[in-house]
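One structure is given below, encoded as structure tokens.
Derivation of every value follows stated rules applied to the coordinates shown; laboratory data play no part. In this text the structure is predicted, and so the values were computed from the model without any measurement. Cβ placement follows ideal geometry from the backbone for every residue including glycine, while neighbour counts extend to all protein chains displayed.
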Amino acid sequence: MSGENTAFTWIKKGDLFSPLEVLGRVAARLGAVAVKEGTMNKQWIKRVHHLPKGVCLLGVIGLALLLIGCGKAEEKPSIAHEPLSYKMDAFKPYISDQTMRVHYGKHYTGYVDKANQFLKGGGFEGKTADEIIVLTAGKKEYTAIFNNTAQAWNHAFFWKCLKPGSGTVGSELADLIIKSFGSFDTFKQKFLEAAKNQFGSGWTWLVLDGEKLKIVTTTNADTPIAHGLKPIFTVDVWEHAYYLDYQNRRADFVKNVLNHLADWDFVASQLKSSEK
Ligand code: MN
């Protein structure tokens, strides 16, 4: 501890960046010194009474500010928990509300919470999820951060790919799908094949690859953005996404998402956002 006041050693460096926290730390240190002075003489009550009132007050204010500051740092998670724009039962009968409750409420929430726990004080403050994924991909020492951050990102993207009632495919997106796969039916067939043949847990994606669209699959938490690809649509093919409703019939689940739940307006918007 060598001269450092032990009262502060539990505070991680990364937590102390807001002016409020810095002010709190300085004021709390002054206050702690004042209290220490008193206790060393074993007449601390008397000594504290003899200390200038301003120093004592500064100590009290400082400790309060420090607690507020640290509390605020706690509230500032790196990875946001995305709210849903639809209700849990919005996808019945294709996805049950029970599946949505477990998938969104337990699995997705778990990834976001764990990502934020692992990221705490790890030097990634101020970075976006996309940046963290790129920085940690393929690095053994960051496996836990990558897995949970990428799963949080993949799920947040997946929730946006879904819409009750699906909607129609706009002309620009339809043209690109036809240019890339020959027809819309061929695209669906190829997407379904890729999802069906994927071994184990993972994701099936539609990504932009230069001038055309491409179907790719990723295993476990892996994500196209870790490989410099621009995803425009995805279906989660982890068993937790469909097992309660479909058991082993993954293809039926993916088919229903493609035919009834895919938000083609969102998919088209991703195409536009990649043109910038
Ligand atoms: Mn999932």
Between His107 and Arg29, the two model label points (7 Å from Cα along the beta-carbon direction) sit apart by a distance in nm of 4.8
Classified through the alpha carbon gyration tensor (a ≥ b ≥ c as square roots of its eigenvalues; rounded if a/c is under 1.5, else prolate when a/b is larger than b/c, else oblate), segment 129-276 comes out oblate
Once you charge only the Cβ atoms, +1 for Lys and Arg and -1 for Asp and Glu, what is the size of the charge dipole of segment 225-274 about its Cα centre, to the nearest 20 debye? 200
If amide hydrogens are placed 1.01 Å from N in the peptide plane, which non-local residues have theirs closer than 5 Å to the one on Gly122? none
Name the residues whose placed amide hydrogens come within less than 5 Å of the amide hydrogen of Ile232, ignoring near sequence neighbours (fewer than 5 apart) on the same chain. Leu206, Val207, Leu208
For the pair His81/Gln189, report the inter-label distance in nm, with labels modelled 7 Å from Cα in the Cβ direction. 4.4
What does the charge dipole of segment 97-273 about its Cα centre add up to, to the nearest 20 debye, if the Cβ of each Lys and Arg holds +1 and the Cβ of each Asp and Glu holds -1? 200
Past 31 Å, Cα to Cα, is the threshold; run Lys127/Lys272; Lys140/Lys212; Lys106/Lys196; Lys114/Lys190 against it and keep the listed order. Lys140/Lys212; Lys114/Lys190
Each residue of segment 177-186 in order: what ³J(HN,Hα) in whole Hz does its phi give by Karplus 6.51 cos²θ - 1.76 cosθ + 1.60, θ = phi - 60°, with x for Gly and Pro? 5, 5, 4, 7, 10, x, 7, 5, 5, 5
